[in-house]
Amino acid sequence: MTKIFTEAFISGRKGVVIRMSDKKTVNAVQLDTNMQIETSDNRLQWHSPMEKPFQVAGFGWLEEERRYRRLPSAPAWKLPLAVDLLANCTTGGQIRFTTDAVSLSVKVKLTGAADMYHMPATGQCGFDCYIGGPGEQIYFDTTKYNHQLTEYESVLFTDMSREQRVITLNFPLYQGVDEVWIGLNPEAQITQPPAYENNQKIIVYGTSITQGACASRPGMSYTNILSRRFNVEFLNLGFSGNGKGEPELAHLLAEIQDPACLILDYEANCVTTELLQQTLPNFISIYREKHPLTPILVISRITHAKEYFDVQMAKDRADRKQIARQAVEERRERNDANIYFCDGSLLLGEHAQECTVDGSHPTDLGFLRMADGLTPILREILG
């Protein structure tokens, strides 16, 4: 029986502490990746999230490369140049820890300044903060800084009551991060965050929409929303304008160990119907060679506002949706019971045209609706 989802359910050195009285001096220091800094004027002690008990999630090759990068620097499969560059964007990355700190700040060194006309700098270059354990995270604040800068320090909270809190900091969606430091009051205790349910990962491959355009802050990309509903690690492998289903990417994604689910959401970057028809079955087949039983969810693209006025655009989307559906049906007919289809045209729900910034990239409302539609589907797939 074909499993088709057609409804959207809308609803330095280690241990070293340096004390300086001038924050400008601190910002000018070239920081070692294991160094902690304490400034006497704001009484903060700075910690590298690379060190335990902090946990950094969302970077599949972090342990080997010690970089905030979403793909390996020298993979066995040659990456398209644009994908290689976009892999430096830190979307989906998270810093997790438990602390009784009364003050929390971040110090960030970006690879570039904010420069997007249709996306807030808070989403492109900022961090945001959630407080609470798995399934109970509540948004608290977003970094504020001069968006013309590539290095900034921002207070997320201060003078809080001293009690244990689980903290999740979401990385920028559309910029790279060379360094990030966590500033806590010196007497703060830091312990590990709550454990994930298991070591498995949900891998999401796709386009600029997958990457997070155009969320107003990092926590509102649909993969980050989903990460607050499922207590597993998410790997966001959305590449703006360059999620084209190349076989090299299929081979590379297949190297990621312990996948819980692979989500394919790249139709929007297929410039022709023929390209999707060529790449999708091949991408799935390559992945299946290494992961014959891993659930795969294929999502057709969301609606674009111009479809109401452009008959050909609407027809192209309908044709490509049928190609994706057919690819899933054919594999299920060959006894691949762990592959599924989701009709993405239903995810934005009523008044879909009001859920985007520019007719195609979702606002926070659009991403929330996407996550609401995907949540029950993923729950059923993951059991």
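Run down Tyr174, Tyr130, Tyr139 and say which single residue is open to solvent by less than 50 Å² (accessible area, probe 1.4 Å), under 15 Å from Leu104 (Cα atoms) and of a type outside the set (A, V, I, L, M, F, W, C).
Sole residue among the options that is open to solvent by less than 50 Å² (accessible area, probe 1.4 Å), under 15 Å from Leu104 (Cα atoms) and of a type outside the set (A, V, I, L, M, F, W, C): Tyr130.
Every residue, every condition in (1) of a type outside the set (Lys, Arg); (2) modelled with pLDDT of 95 or more; (3) in contact with a helix residue (DSSP H, G or I) (Cβ under 7 Å, 6 or more places away or on another chain), yes or no:
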site: Thr33; (1), (2), (3): yes, no, no
site: Pro49; (1), (2), (3): yes, yes, no
site: Tyr68; (1), (2), (3): yes, yes, no
site: Asn88; (1), (2), (3): yes, yes, no
site: Thr91; (1), (2), (3): yes, yes, yes
site: Val106; (1), (2), (3): yes, yes, no
site: Leu110; (1), (2), (3): yes, yes, no
site: Gln124; (1), (2), (3): yes, yes, no
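Select from the stretch 267-290 the residues that are open to solvent by 40 Å² or more (accessible area, probe 1.4 Å) and among the β-branched types (Val, Ile, Thr) and list them in ascending order.
Val271, Thr272
Looking for something closer than 23 Å to Thr273 by Cβ, touching a Pro at 6+ places or on another chain (Cβ under 8 Å), open to solvent by 10 Å² or more (accessible area, probe 1.4 Å) and not hydrophobic (A, V, I, L, M, F, W, C) - is there at least one such residue anywhere in the stretch 196-207?
Within the stretch 196-207, none of the residues are closer than 23 Å to Thr273 by Cβ, touching a Pro at 6+ places or on another chain (Cβ under 8 Å), open to solvent by 10 Å² or more (accessible area, probe 1.4 Å) and not hydrophobic (A, V, I, L, M, F, W, C).
Can you tell me which residues in the stretch 121-179 are over 22 Å from Thr191 (Cβ atoms), hydroxyl-bearing (Ser, Thr, Tyr) and under 20 Å from the mean Cα position of the chain (by Cα)?
Within the stretch 121-179, Thr122, Tyr139, Thr142, Thr143, Tyr174 qualify.
Given the criterion part of a strand (DSSP E or B) and not small (Gly, Ala, Ser), identify the matching residue among Ile202, Ile209.
It is Ile202.
Would you check which residues across the stretch 186-195 are surrounded by fewer than 20 Cβ atoms within 10 Å (Cβ to Cβ) and assigned to a loop (DSSP other than H, G, I, E, B) and list them?
Correct list: Pro186, Glu187, Ala188, Gln189, Gln192, Pro194, Ala195.
If Gly366 passes every condition in (1) over 21 Å from Lys244 (Cα atoms); (2) open to solvent by 20 Å² or more (accessible area, probe 1.4 Å); (3) small (Gly, Ala, Ser) but one, which one does it miss?
It is condition (2) that Gly366 fails.
Sort out which residues of the stretch 221-265 are open to solvent by less than 10 Å² (accessible area, probe 1.4 Å) and either of a type in the set (D, E, K, R) or in a helix (DSSP H, G or I) (or both), and write them in order of number.
Passing the criteria: Tyr222, Thr223, Asn224, Ile225, Leu226, Leu249, Ala250, Leu252, Leu253, Ala254.
Which residue pairs have Cβ atoms under 8 Å apart, sit 6 or more places apart or on different chains, and have a first residue in the stretch 43-63 that is more than 15 Å from Leu156 (Cβ to Cβ) and a second that is assigned to a strand (DSSP E or B) and of a type in the set (Ser, Thr, Tyr)?
These pairs meet every condition: Pro53/Thr98; Pro53/Thr191.
Taking the criterion of being over 20 Å from Cys342 (Cβ atoms) and at pLDDT 95 or above, would at least one residue in the stretch 262-271 satisfy it?
No; the residues of the stretch 262-271 include none that is over 20 Å from Cys342 (Cβ atoms) and at pLDDT 95 or above.
Which residue out of Ala327, Ala337, Ala318 is open to solvent by 40 Å² or more (accessible area, probe 1.4 Å), part of a helix (DSSP H, G or I) and out of contact with any Gly (no Cβ under 9 Å at 6 or more places or on another chain)?
Answer to the check: Ala318.
The values are calculated or read from the model by the stated rules, or taken from the named source; none is laboratory data. What you see is a predicted model, and the numbers here were worked out from it, not measured in a lab. Methodologically, a virtual Cβ is constructed for each residue, glycine included, from the backbone with ideal geometry; neighbour enumeration extends over all protein chains shown. With ligands, DNA and RNA removed, areas are computed over all heavy atoms of the protein, side chains included. Shrake-Rupley method; radii C 1.70, N 1.55, O 1.52, S 1.80 Å.
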